[in-house]
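Peer 1: Dropping the structure in here first, questions after.
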Ligand code: NAP
Ligand code: GLV
């Protein structure tokens, strides 16, 4: 292992000294990710790759990286990696679940509150000198307390959002492929419903599923048609779960009242996107897990997965444990 070669696709918010003692480590120093062609060159003779969600890890890259023993991603989502292709090659893939759950739920809650109470519009109103008096109907929004929250994907982050909602006396509905245990439902006061039912009844809808072939464009015109005209959509999961054109139409023709996105399709959102012209939309640059503590723990967990893979040990957080069968 002392002769192991590692490539890390960006500077990480943690100390790499321990790693450098046992391996030769190259870190991509730029702010932007390495271009795909550069990544292909880098993987040629490395044993371990530590990558981010901005890196495209496809079958060709795995073929070129014939010496790879492990791929470790510093993120919980791994839709940028072709997992079946890694599994066929018996290549373990690591990710970082749990340590970013609260940070991402906090950002979700910040977006929900900001969209409901029009915080971004209000800030712009103030800075542009329009605040001349107190007005009875200035920048009104819906109540959050007592409203119905629909959670699509009641996993780690969805459940953490539900815990925040319970402090606001919200009624909680959720849609998963399979219902959670009764114990979880009771602890959260959450009711399992079909997606259509959730869309029709919710004042706020928040998305927390992974991106998969099943969830790509899960939100399109047919789904917005079913939502309340007063509803607000929050997406902190993955951009392509929402069809951006259908979202633009829904926000401009009154199918829904507002939306807040931490993730877009594509990322970054193009500056000429029609969505950016809308005052009933908030967009943040994929910062769900961006608390100092969460990002530090994600980096440490990604390194732990990498080290285990180099040693031939089972990864502590493996996406494709079938490789060990
Ligand atoms: P998780 O614990 O695996 O939860 C995912 C939930 O989605 C599960 O409850 C799952 O339940 C449900 N689900 C999966 N497919 C579904 C479908 N087709 N329809 C309805 N529900 C479905 O994952 P997590 O840790 O909460 O993370 C969720 C996602 O958030 C990640 O995959 C990542 O893409 C995103 N994320 C974004 C940020 C950010 O910075 N914005 C940060 C962290 C994570 P069933 O399998 O029973 O359906
Ligand atoms: C961030 O988006 C993650 O999946 O960790």
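The values are calculated or read from the model by the stated rules, or taken from the named source; none is laboratory data. Keep in mind the model is a prediction, meaning the values are calculated, not measured. Note that we place each Cβ from the backbone using ideal geometry, even for glycine, and neighbour counts take in every protein chain shown.
Peer 1: Looking at the stretch 38-58, which of the residues that are assigned to a strand (DSSP E or B) and under 18 Å from the mean Cα position of the chain (by Cα) is nearest to residue 306 (Cα to Cα)? Outline the logic, then answer.
Peer 2: In the first step, residues of the stretch 38-58 are kept if they are assigned to a strand (DSSP E or B); the result is 48-51, 57.
Remaining after also requiring under 18 Å from the mean Cα position of the chain (by Cα): 51, 57.
Working: 51: 10, 57: 16 Å.
My answer is 51.
Peer 1: Scanning the stretch 287-321 for residues that are surrounded by fewer than 19 Cβ atoms within 10 Å (Cβ to Cβ) and assigned to a loop (DSSP other than H, G, I, E, B), which turns out farthest from ligand 2 (Cβ to nearest atom)?
Peer 2: Only one residue fits best here, namely 312.
Peer 1: Would you check which residues across the stretch 177-187 are away from ligand 1 (no atom under 12 Å from the Cβ) and either surrounded by 14 or more Cβ atoms within 10 Å (Cβ to Cβ) or not assigned by TED's automatic domain parsing to the domain that holds residue 236 (or both) and list them? Show your work before the answer.
Peer 2: To start, the set of residues in the stretch 177-187 that are away from ligand 1 (no atom under 12 Å from the Cβ) comprises 182-183, 185-187.
Across the stretch 177-187, the qualifying residues are 185, 187.
Peer 1: Quick check on my filter: what residues within the stretch 125-156 are part of a helix (DSSP H, G or I) and in contact (Cβ under 8 Å) with a residue 24 or more places away in the chain?
Peer 2: Narrowing the stretch 125-156 to residues part of a helix (DSSP H, G or I): 125-127, 156.
Of everything in the stretch 125-156, just one residue is part of a helix (DSSP H, G or I) and in contact (Cβ under 8 Å) with a residue 24 or more places away in the chain, namely 156.
Peer 1: Working only within the stretch 63-76, note down all residues that are under 19 Å from residue 307 (Cα atoms) and not in a loop (DSSP other than H, G, I, E, B).
Peer 2: Here is the first cut: in the stretch 63-76, the residues under 19 Å from residue 307 (Cα atoms) are 65-76.
Scanning the stretch 63-76 gives 70, 71, 72, 73.
Peer 1: So, one more: Could you please find all residues in the stretch 196-216 being over 15 Å from the mean Cα position of the chain (by Cα) and either buried (at least 17 other Cβ atoms within 10 Å of the Cβ) or within 21 Å of residue 262 (Cα to Cα) (or both)? It would help to see each step written out before you state the result.
Peer 2: Initially, the stretch 196-216 is screened for residues over 15 Å from the mean Cα position of the chain (by Cα), giving 196-205, 213-214.
Across the stretch 196-216, the qualifying residues are 198, 199, 201, 202, 203, 204, 205, 213, 214.
Peer 1: Being assigned by TED's automatic domain parsing to the domain that holds residue 237 and away from ligand 2 (no atom under 11 Å from the Cβ): is that true of residue 115 here? If you could, list the steps in order and put the result at the bottom.
Peer 2: Values: assigned by TED's automatic domain parsing to the domain that holds residue 237: yes; away from ligand 2 (no atom under 11 Å from the Cβ): yes.
Answer is yes for this residue.
So that you can scan it fast, the table gives a plain yes or no per residue for (1) away from ligand 1 (no atom under 11 Å from the Cβ); (2) in contact with a helix residue (DSSP H, G or I) (Cβ under 9 Å, 6 or more places away or on another chain):
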| site | (1), (2) |
| --- | --- |
| 175 | no, yes |
| 191 | yes, yes |
| 199 | yes, yes |
| 205 | yes, yes |
| 209 | no, yes |
| 215 | no, yes |
| 221 | yes, yes |
| 229 | yes, no |
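Peer 1: Would you check if there is a residue in the stretch 151-159 being surrounded by fewer than 16 Cβ atoms within 10 Å (Cβ to Cβ) and within 10 Å of ligand 1 (Cβ to nearest atom)?
Peer 2: Taking the stretch 151-159 as the starting set, the residues that turn out to be surrounded by fewer than 16 Cβ atoms within 10 Å (Cβ to Cβ) are none.
Within the stretch 151-159, not a single residue is surrounded by fewer than 16 Cβ atoms within 10 Å (Cβ to Cβ) and within 10 Å of ligand 1 (Cβ to nearest atom).
Peer 1: Find the residue count for the stretch 83-95, including only residues that are in a loop (DSSP other than H, G, I, E, B) and either away from ligand 2 (no atom under 16 Å from the Cβ) or under 12 Å from the mean Cα position of the chain (by Cα) (or both).
Peer 2: In the first step, residues of the stretch 83-95 are kept if they are in a loop (DSSP other than H, G, I, E, B); the result is 89-92, 95.
Keeping just the survivors that are either away from ligand 2 (no atom under 16 Å from the Cβ) or under 12 Å from the mean Cα position of the chain (by Cα) (or both) gives 89-92.
Number satisfying all stated conditions: 4.
Peer 1: What residue, of 88, 76, is more than 14 Å from ligand 1 (Cβ to nearest atom) and either over 30 Å from residue 206 (Cα atoms) or out of contact with any helix residue (DSSP H, G or I) (no Cβ under 6 Å at 6 or more places or on another chain) (or both)? Lay out the reasoning, then the answer.
Peer 2: Working: 76 fails: more than 14 Å from ligand 1 (Cβ to nearest atom).
The unique qualifying residue is 88.
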